[in-house]
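To keep things clear, I will list the structure first and then write my remarks on it.
The values are calculated or read from the model by the stated rules, or taken from the named source; none is laboratory data. Note that the structure is predicted; figures quoted are calculated from it, not measured. In this analysis, Cβ positions are derived from the backbone assuming ideal geometry, glycine residues included, and neighbour counts consider all displayed protein chains. Heads up: the accessible areas ignore ligands, DNA and RNA and are worked out on the full protein's heavy atoms, side chains in. Shrake-Rupley method; radii C 1.70, N 1.55, O 1.52, S 1.80 Å.
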Amino acid sequence: MTGDGTRCVRAGLPEETPGAPVPPQLVMASQFHLADDPTADFYGRAGNPTWRALESAIGDLDGGACLVYPSGMAAISALLRTVTTPGDTVVVPSDGYYLARRYTHDFLTLTVRELPTTPPDARGNLADADFAGVRLVLIETPSNPGLDVCDIAAVVERAHAAGALVAVDNTTATPLGQRPLEFGADFVVASDTKALAGHSDVVLGHITAASPEWAARLLAERTTSGAIPGPFETWLALRGLGTLDLRLARQAENAAALHAALRGHPGVRRLRWPGSPDDPAHAVAVRQMRRFGGVLTIELESAEAAAEFVERSALIASATSFGGLHTTADRRERWGDAVPPGLLRISCGCEDPDDLVADVLAALG
């Protein structure tokens, strides 16, 4: 049973017991009956069966030992607290999720280097950087929102040669689209608020570690710091994970259809989707990604044009998250991303492709 659909549907299922429920059940408990077994649950901050069901499922998909957190940023911040000490140097993507950069600058006593995912500039880029003296390299591929793709294996080789750890933010790709640990990364982090949970009704994140020793250290930090998710949110994500394969397939179908319809459109200045052979990231993406997902970006001539486009659309909602059932658009410059004012990140939902393409073309006028 190695197919994506089978693994998602059977993720976290309990052992088959006559008379017992088939799906994993929600456990809402802050305390448990004490036992002599030191591995038994005893307090809600230290362990919960619902966490373990989701962690087992994601860990199987990522290929490592998983811990869940109350948000994607909680996962990133926990990783940074655990693997770094004051004065360490970390490398973060200058074109990745803006809060990851802000957290390292504003709340940790670290030396922070920002490098772009792929475009070379005066600082170089992540794929050919010198990581001497660096403790942790955090990459995000495909990057959010630019959708540039970083060669994970190349970064890992250079970073490990310099003695640095590597973490990959896999939010955009998901565990079905990309398995960074197979390319030598030490950690995967992700916001499961997005496609993994997939229904825009939960905030959650996770870290998957390649090393059991690092997983144990992260678990100790989570238990002590209290950066724990709620059981109900965890159960919602586990329920959503069951349809991840199906949702990603439709979302990618919609992204491909929109890309084909918008390529060469006079109102679209720039169009990015790593799944297209025409995309500058495709050559690297096709080597390390198993599927390309439903997120694409389009650049219109101005912020006003972008706002008018979303207002005209009947199927696209203005919202800042992505990966859900409903197609959404987010003008990323408003959040401080260094992108053109008219750039929209479009997250394709599960609508019918013909309906979505017709709606987008009508909204573009």
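In the range 158-185, the residue that is least open to solvent (accessible area, probe 1.4 Å) out of those that are part of a helix (DSSP H, G or I) and under 19 Å from Glu114 (Cα atoms) is Ala159.
Would you point out which residue out of Ala227, Ala317, Ala220 is of a type in the set (Gly, Ala, Ser) and over 23 Å from Phe187 (Cα atoms)? Matching residue, one of Ala227, Ala317, Ala220: Ala317. Hey, could you check the range 299-356 for residues that are in contact (Cβ under 8 Å) with a residue 40 or more places away in the chain and basic (Lys, Arg) and say which is farthest from Asp245 (Cα to Cα)? Checked the range 299-356; the qualifying residue farthest from Asp245 (Cα to Cα) is Arg312. Considering (1) closer than 30 Å to Arg331 by Cα; (2) surrounded by fewer than 18 Cβ atoms within 10 Å (Cβ to Cβ), the lone condition that Val90 does not fulfil carries the number (2). Report yes if some residue within the range 233-253 is modelled with pLDDT of 95 or more, open to solvent by less than 10 Å² (accessible area, probe 1.4 Å), over 26 Å from Leu79 (Cα atoms) and over 17 Å from the mean Cα position of the chain (by Cα); otherwise report no. Within the range 233-253 (the criterion being modelled with pLDDT of 95 or more, open to solvent by less than 10 Å² (accessible area, probe 1.4 Å), over 26 Å from Leu79 (Cα atoms) and over 17 Å from the mean Cα position of the chain (by Cα)), the answer is no, since none of the residues qualifies.
In summary, Met73 fulfils each of the numbered conditions (1) touching a residue at least 40 places away in the same chain (Cβ under 8 Å); (2) farther than 23 Å from Gln178 by Cβ; (3) open to solvent by 30 Å² or more (accessible area, probe 1.4 Å) with the single exception of condition (2). Within the range 134-156, residues that are free of Cβ contacts under 8 Å to residues at least 24 places away in the same chain have Cβ atoms under 9 Å from residues that are not β-branched (Val, Ile, Thr) in no pair, counting only partners at least 6 apart in sequence or on another chain.
Could you please find all residues in the range 1-25 being open to solvent by less than 30 Å² (accessible area, probe 1.4 Å) and of a type in the set (Asp, Glu)?
Within the range 1-25, Asp4 is the sole residue that qualifies.
Got at least one residue in the range 106-129 being among the charged types (D, E, K, R), closer than 27 Å to Ser200 by Cβ and surrounded by fewer than 21 Cβ atoms within 10 Å (Cβ to Cβ)? No, because not a single residue in the range 106-129 is among the charged types (D, E, K, R), closer than 27 Å to Ser200 by Cβ and surrounded by fewer than 21 Cβ atoms within 10 Å (Cβ to Cβ).
The residues on offer are Ala159, Ala216, Ala220, Ala190, and the sole one that is among the small types (Gly, Ala, Ser) and under 27 Å from Phe322 (Cβ atoms) is Ala190. Remark: pairs (first residue in the range 278-291, of a type in the set (Val, Ile, Thr); second residue open to solvent by less than 60 Å² (accessible area, probe 1.4 Å); Cβ separation under 7 Å; 6+ apart in sequence or on different chains) = Val284/Val149; Val284/Asp151. Among the residues of the range 26-48, those identified as in contact with a helix residue (DSSP H, G or I) (Cβ under 8 Å, 6 or more places away or on another chain) and open to solvent by 50 Å² or more (accessible area, probe 1.4 Å) are Leu26, Met28, Arg45. The residues in the range 298-331 that are closer than 22 Å to Thr193 by Cβ and surrounded by fewer than 21 Cβ atoms within 10 Å (Cβ to Cβ) can be counted, and the count is 9. Of the residues making up the range 338-359, just one is out of contact with any helix residue (DSSP H, G or I) (no Cβ under 6 Å at 6 or more places or on another chain), open to solvent by less than 10 Å² (accessible area, probe 1.4 Å) and outside any strand (DSSP E or B), namely Gly349.
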